[in-house]
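Accompanying notes for the structure given below.
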Amino acid sequence: MKLFSYWRSLASYRVRIALNLKGVDCDIETIDLLGGDQFEASYRAVNPQPVVPALVDGGTVLFQSLAIVEYLDETRPEPPLLPADPRGRARVRGIAQIASSDTHPLIVPRIRKYLTEDLALSDDELQAWIRRWMGAGLAAMEAHLAAGPGTGRFCHGDRPGLADLCLVPQIVGSRMFGCPMDPYPTAMRIFEACMAVDPIADAHPTKQPDFPADA
């Protein structure tokens, strides 16, 4: 199994957490998004959409982080990343998608490039854009986590799952861009619980082989 990843890719981060929680050994190949590796013909042959992650399992190429995570959960069911009941699964997927579907797509490198090169936003304006949408996502997650009866030590109950592997990159990414964390006490409590779990902590961007020494 091979994962095409980049150390600061939040989507790749989700998959790394899932692989670690499942105890799956996986070769990692770096695709430097800022250096343009994703546009090379060799990678487009793997994933025609020039983004990461992509996971190769045997002769099958999987793409889009949550699709990969659910594939891993279905093919390697222990420990489960989704609750057993339909309502619980819907809640967890909803929390996860706030990060993966509503927030993260607004701040990925290709969007940042468009904002600065095509729309001529200044760096200050770009940073304001990123903090605006990352904060909105965190606020929505915080509201669901603080009020939701399913919230436990982790986003849903007392075992890390799909929602947690989306929350953790959301918070790490928000910190990278200087977002204040004080407004999100429930999310931060869960984040700290997650970071005490070795498979989650080991997936952190700074622990990846392609993390630059001067970052």
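Which of the residues that make up segment 1-52 are open to solvent by 20 Å² or more (accessible area, probe 1.4 Å), part of a helix (DSSP H, G or I) and of a type in the set (D, E, K, R)?
LYS22, ASP37, ARG44, listed by residue number.
Filter segment 95-110 down to residues that are outside any helix (DSSP H, G or I) and either over 13 Å from the mean Cα position of the chain (by Cα) or crowded, with 16+ Cβ neighbours inside 10 Å (or both), then give me how many there are.
Step one: list which residues in segment 95-110 are outside any helix (DSSP H, G or I), which gives 107-108.
Now narrow it down to the ones that are either over 13 Å from the mean Cα position of the chain (by Cα) or crowded, with 16+ Cβ neighbours inside 10 Å (or both): 107.
Looking only at that region, the number is 1.
Does VAL56 meet the test of being of a type in the set (Val, Ile, Thr) and open to solvent by less than 30 Å² (accessible area, probe 1.4 Å)? It would help to see each step written out before you state the result.
Values: of a type in the set (Val, Ile, Thr): yes; open to solvent by less than 30 Å² (accessible area, probe 1.4 Å): no.
Here the answer is no, as VAL56 does not meet what is asked.
Taking segment 156-206 only, how many residues are among the basic types (Lys, Arg) and either at pLDDT below 95 or closer than 20 Å to VAL15 by Cα (or both)?
Of the residues in segment 156-206, the ones among the basic types (Lys, Arg) are 159, 175, 189.
After this cut, where a residue has to be either at pLDDT below 95 or closer than 20 Å to VAL15 by Cα (or both) as well, the list is 159, 175.
Going through segment 156-206 one residue at a time, the tally reaches 2.
Please tell me if SER42 is at pLDDT 95 or above and within 19 Å of the chain's Cα centre (by Cα).
Considered against the rule, which asks whether it is at pLDDT 95 or above and within 19 Å of the chain's Cα centre (by Cα), SER42 comes out as no.
Do we have any residue at all in segment 85-94 that's closer than 15 Å to ALA187 by Cβ, open to solvent by 70 Å² or more (accessible area, probe 1.4 Å) and at pLDDT 95 or above?
no
The values are calculated or read from the model by the stated rules, or taken from the named source; none is laboratory data. If you're wondering where the values come from, they're calculated on a predicted model, not measured in any experiment. Neighbour counts run over all protein chains shown; Cβ positions are idealised from the backbone, glycine included. Just the protein is used for accessible areas: all its heavy atoms, side chains included, with ligands, DNA and RNA removed. Shrake-Rupley method; radii C 1.70, N 1.55, O 1.52, S 1.80 Å.
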